[in-house]
Amino acid sequence: MTFSLTEINNIIGFENYKSQSEEDLIFKKISIDSRSILPQDLFIAIEGNNFDGHDFISDVIKKGVKAAILNKEKEKIAPENFTYWVVADTREAFQKLALYWRKKLNIPVVAITGSVGKTTTKEITGEIMKNMGKIKISSKNNNNEIGVAKTILDSTYEDKLLILEMGMRGIGQIENLSKFSEPDIAVITNIGTSHIGLLGSKINIARAKCEIVKYLNPKGVVIIPSDDFLLEKTLNNLWKGRILKINIFKNKENEGNDCDKKNLLLGIYDELRDLIIIDNKVFQISYKGIHNVFNFLFAYAISQEFGIKFNSYNSFNIKNLEGRNRIIKKDKAIILDETYNASPESVKACIAFLLKFPGNHFLVLGSMKELGKMSTQYHLEILNLINEVDIECCVFICDLNEEESIKEKFSSQKVIFKNDKSDIAKIINSRINKNDYLLIKGSRHWKLEEIIPYII
């Protein structure tokens, strides 16, 4: 990556350029991190929730940095004989540079969003597409306006494909991400109830997710599940291009019920042998559960857009994601680590996966945040399910007001309510025996991974 002074002026605006130097600068990288910045980088001072890049301008200058982009109201911090640009919003400037670089790279861009499954789908896609050559993938959860822009700007001419995860917390955010990434392929994994407290309804969630098509290549494709009718209806109002639908059957008898074979990709899940069959080819993946089979089929659909060929039998060992799809063997319990986050849909999927294992089943469940006025209803739905299935004990951690609201309508000896994590491990340890299975899942708020070291 290199940006000339002229290029920066053309992108940011020459009228915003402030310099007394006549040096024709060349920037090797665009950086927002004062800790890792190098002398030939261009620094963009971003105001975040927990930090303000403008506070570190003296630090980057000491490191030899010769230029920066600043918010207009912070212009006074720029020293004499320093090259800088002033803009109304440095975040927007960062995104403009990302869009410029995305166009300059001229490589295919895959954008993945959805209520659940987007991170796993991204990782699986990266694994099965690696034969294309070097691929740039959103790291960790860099799925917001900063993270997506950073991923684009970290890409190089060596990269053959760019895979972006897109998250959102409100209307307009996915549209903005699509605007400066201009995807060629869009995946919407599903429409669930994550963020329903913020957006008010699944209809609004569907609208927010479908914003991904606003700047999608008109010759591109949107890949969606075939049975999400709300998603399909919403998408049809916004996108007139090609739509590819995917679906999984658990046996061959159900195959072929959909007449639109041209725009439908079908997979067969052999639960007994834990195999996925697509186009008469067999696949085995390290991620378990029917929900991950769907994630794999999304990834496979992407691969077919690029003409990737597979053998008759294919095995993919995908790296474990922190707090997702992780199985940890302790002296007694076998832990299913799903601590990263939770929604009603993902909790149900993980419970179904837990119940497939032999022996006794235990659950530590953290309350699900961002459900708004629907919180009690969705938690009651999950707790009633737990009460009906083969789970020995569930420790449910929630706020006191959540507990009081739920207890008005629910009572079960299976469920132990707690308002903090202090003695959860002790409760579980007193009940589990050798080779029992323990699922731990909850919203990021609870940081339930912290109890794992204390489970025996």
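DSSP finds beta bridges in the chain, and of those with both partners inside it, around 20 percent are antiparallel. Computed over neighbours whose Cβ is under 15 Å from that of residue 15, the net charge equals +2, Lys and Arg +1, Asp and Glu -1. Compute the Cα gyration tensor for segment 9-53, then decide on rounded, prolate or oblate, letting a ≥ b ≥ c be the square roots of its eigenvalues: rounded whenever a/c is under 1.5, prolate when a/b is larger than b/c in the other cases, and oblate in all that remain. It comes out oblate by the Cα gyration axes. Across segment 61-66, coupling constants 3J(HN,Hα) worked out from phi with the 6.51/-1.76/1.60 Karplus curve, θ = phi - 60°, read 5, 4, 7, x, 5, 9 Hz, and Gly and Pro carry x. Can you check what the net charge comes to around residue 4, using other residues whose Cβ is under 15 Å from the Cβ of residue 4 (Lys, Arg +1; Asp, Glu -1)? Overall, the nearby charge balance is -1. Applying a DSSP loop filter and a limit of 13 other Cβ atoms within 10 Å to the GluC sites (Glu not before Pro) in segment 397-456 leaves 408. Computed from the Cα positions only, the extents of the chain along the three principal axes stand at 75, 53, 41 Å, in decreasing order. Restricting segment 56-141 to GluC sites (Glu not before Pro) that sit in a DSSP loop and have at most 15 other Cβ atoms within 10 Å of their own Cβ leaves 80. Less than 5 angstrom separates the built amide H of residue 250 from those of 269, all sequence-distant by 5 or more or on a different chain.
Applying both filters, DSSP loop and at most 13 other Cβ atoms within 10 Å, to the trypsin sites (Lys or Arg not before Pro) of segment 34-110 gives 35. What is the antiparallel percent of DSSP beta bridges lying wholly in segment 326-454, to the nearest 5? Given both bridge residues lie in segment 326-454, the antiparallel proportion sits at roughly 15 percent.
Placing unit charges on the Cβ atoms only, positive for Lys and Arg and negative for Asp and Glu, gives the chain a dipole magnitude near 760 debye about its Cα centre. Oblate is the label for segment 107-316, because the ratio a/c of its alpha-carbon gyration tensor axes (a ≥ b ≥ c) is 1.5 or higher and a/b is not greater than b/c.
For segment 393-456, rounded, prolate or oblate, judged on the Cα gyration tensor with a ≥ b ≥ c (square roots of eigenvalues), a/c < 1.5 rounded, else prolate if a/b > b/c? The shape class here is oblate.
Take each peptide in 315-326, 107-118, 199-210, count the other Cβ atoms within 10 Å of every residue, and average; sorted highest first, the result is 107-118, 199-210, 315-326.
In the structure shown, do any of 245/369; 233/288; 130/447; 140/447; 219/245 have a Cα-Cα gap over 22 Å, and if so which? Checking Cα-Cα distances, 245/369; 233/288; 130/447 exceed 22 Å.
Each reported figure results from applying straightforward, stated rules to the coordinates on display, with no laboratory input. Being a predicted model, the structure only gives us computed values, none of them experimental. When we count neighbours, we look across all protein chains shown, and the Cβ atoms used for this are built from the backbone with ideal geometry, even at glycine.
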